[in-house]
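Novice: Quick one: structure below, then a few questions.
The values are calculated or read from the model by the stated rules, or taken from the named source; none is laboratory data. Quick caveat, the model's predicted, so the values are computed rather than measured. Every residue, glycine as well, gets a Cβ built from its backbone with ideal geometry; the counts of neighbours run over all protein chains shown.
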Amino acid sequence: MELLINTYIAEIIAVSTIAIFMAVLPGADFVMVTRTSIYNGRLAGLYMSLGMCISVSIHASYSIAGLAVVIANSAWLFSTIKYLGAAYLIYIAWQLLTTRESLNSDQNALMTEMSPFIALRLGFTCNILNPKTSIFFLSIFTQVVSVDTPLIMQISYGLIIMLAHFIWYSGIALLLSHPQILPRFNRQKQKIDKVAGFVLMLIAIKLLLMNYA
């Protein structure tokens with residue numbers, strides 16, 4: 001294994017760097033985890049992060065199998081994913097923009113319960129329906145990773161990408177749900193909903209305007 005690492009150290013560094021930038025780049029996933037961590041608490045935010053990581057593992061799996069090339073070069077398949085993803089974001093955005101909730105002086109009462117399964121499902125769905133993620137994996141496994149790279153190393157790259165996403169989003173969930181930070185957001189939850197809804201709507205529109213490769 002040490003020999004493999006030494007042999008493919010350049011690819012490991014390249015994949016790790018790209019994975020970090022991909023994780024921290026603001027997008028729908030960031031908006032969803034931020035809003036969920038503030039509104040539904042730490043556990044919901046962590047499960048949503050886990051759902052996104054499971055989705056990332058699927059993206060990595062079909063990329064290793066070569067299906068990312070098919071998705072990126074199939075107009076109808078790419079468009080299907082694009083429209084499903086945009087429709088999902090518009091649905092979530094509309095719910096956030098039209099939500100009306102009275103404020104309560106009890107800060108704990110403002111925390112809305114969300115089951116782990118629902119948080120996991122929302123995180124998974126948000127990421128799996130994002131065609132930009134498919135393009136991201138396509139660029140890695142066709143331009144950065146050599147065709148001669150062993151399968152074990154390609155799987156390791158997928159794990160690196162998953163780990164980068166989980167560390168970043170779980171870190172956000174832990175930070176925003178911290179007892180010393182969360183109270184600052186409690187009185188602003190309605191505004192947070194509107195901002196999150198507006199941003200998700202913009203991301204959905206941008207997604208609809210995106211052309212396939």
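Novice: If you check Ile160, Ile135, which single one turns out to be modelled with pLDDT of 80 or more and assigned to a helix (DSSP H, G or I)?
Specialist: Being modelled with pLDDT of 80 or more and assigned to a helix (DSSP H, G or I) holds for just one of Ile160, Ile135, which is Ile160.
Novice: Any residue in the stretch 1-29 that's without any contact (Cβ under 8 Å) to a residue 40 or more places away in the chain: show its pairings with residues that are part of a helix (DSSP H, G or I) at Cβ separation under 7 Å, as long as the two are six or more apart or on different chains.
Specialist: Ile5/Ile12
Novice: Given the criteria without any contact (Cβ under 8 Å) to a residue 24 or more places away in the chain and among the β-branched types (Val, Ile, Thr), does Ile38 qualify?
Specialist: The answer is no for Ile38.
Novice: Continuing with this model, one more query. In a helix (DSSP H, G or I), without any contact (Cβ under 8 Å) to a residue 24 or more places away in the chain, farther than 17 Å from Tyr91 by Cα and out of contact with any Leu (no Cβ under 7 Å at 6 or more places or on another chain): does that describe Gln143?
Specialist: So Gln143 fits the description; yes.
Novice: Show me the helices (runs of 4 or more DSSP H) found entirely inside the stretch 1-100 where at least 1 residues are touching a Lys or Arg at 6+ places or on another chain (Cβ under 8 Å) and either of a type in the set (S, T, N, Q) or surrounded by 15 or more Cβ atoms within 10 Å (Cβ to Cβ) (or both).
Specialist: 28-40, 42-64, 75-98
Novice: Something else now. Residues of the stretch 108-132 being in a loop (DSSP other than H, G, I, E, B), surrounded by fewer than 20 Cβ atoms within 10 Å (Cβ to Cβ) and modelled with pLDDT of 80 or more, which ones?
Specialist: Of everything in the stretch 108-132, those that are in a loop (DSSP other than H, G, I, E, B), surrounded by fewer than 20 Cβ atoms within 10 Å (Cβ to Cβ) and modelled with pLDDT of 80 or more turn out to be Met114, Ser115.
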